[in-house]
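Reading through the structure tokens given below for one structure.
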Amino acid sequence: MVEFLRYRDDEAHDEPAVTLDSFFGQSNATAVRIEAGEDARALLPHLDRIALVEVSFPSFRDGRGYSSARILREAGYKGELRAQGDVLVDQIPLMRRCGFDSFAPDAPIDSETLEAALGRYDFRYQPAADSVVPVWKLRHG
């Protein structure tokens, strides 16, 4: 059983994430937590000083965190992007495509099931925040 997943080669960030409001009130915070419904675009002017953005998933049905990840990655954020909360094993491949590179699920995840989910599809059709080349581009250059 896996309780924390990290798909990065750099050192793990150990500073606890502060709320968005607290982040704006501190000049030395390098980890911030975005709750469901908060606008990730508020962080765009500060991306150069953020090492970790933790995005809350209060329910597996709440997809707003996917948009937060995509907004941050498209803006050039290179730091750790963590999905925390009600994260299900079948969502992790999609979250990886949106730019999440670490996961702190509320419930442990079976490692065999996770590997099967991550390896289920050989090709992708849409470009995304990850480095996977879409199949149409592989065919047609």
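The values are calculated or read from the model by the stated rules, or taken from the named source; none is laboratory data. Being a predicted model, the structure only gives us computed values, none of them experimental. Every residue, glycine among them, receives a Cβ derived from its backbone with ideal geometry; neighbour counts consider all protein chains shown.
Couple of notes before you dig in:
- Of everything in the stretch 21-41 that is surrounded by 14 or more Cβ atoms within 10 Å (Cβ to Cβ) and more than 15 Å from residue 65 (Cβ to Cβ), the residue that is modelled with the highest pLDDT is 31.
- Scanning the stretch 4-45 for residues that are farther than 15 Å from residue 56 by Cβ and either in contact with a Cys (Cβ under 8 Å, 6 or more places away or on another chain) or assigned to a strand (DSSP E or B) (or both) returns 5, 6.
- Residues located in the stretch 4-20, provided they are surrounded by 10 or more Cβ atoms within 10 Å (Cβ to Cβ) and more than 16 Å from the chain's Cα centre (by Cα): 15, 16, 18, 19, 20
- On the stretch given as the stretch 53-93, residues that are among the hydrophobic types (A, V, I, L, M, F, W, C) and within 10 Å of the chain's Cα centre (by Cα) total 7.
- Any hit, the stretch 58-76, residues being touching a residue at least 40 places away in the same chain (Cβ under 8 Å), closer than 19 Å to residue 16 by Cα and among the charged types (D, E, K, R): no
- Residue 38 meets all of the listed conditions (1) out of contact with any Phe, Trp or Tyr (no Cβ under 7 Å at 6 or more places or on another chain); (2) within 26 Å of residue 133 (Cα to Cα) but one, namely (2).
- Among the criteria (1) surrounded by 11 or more Cβ atoms within 10 Å (Cβ to Cβ); (2) in a helix (DSSP H, G or I), the one residue 53 does not fulfil is (2).
- Residue count for the stretch 85-127, restricted to those that are in a helix (DSSP H, G or I), crowded, with 18+ Cβ neighbours inside 10 Å and modelled with pLDDT of 85 or more: 6.
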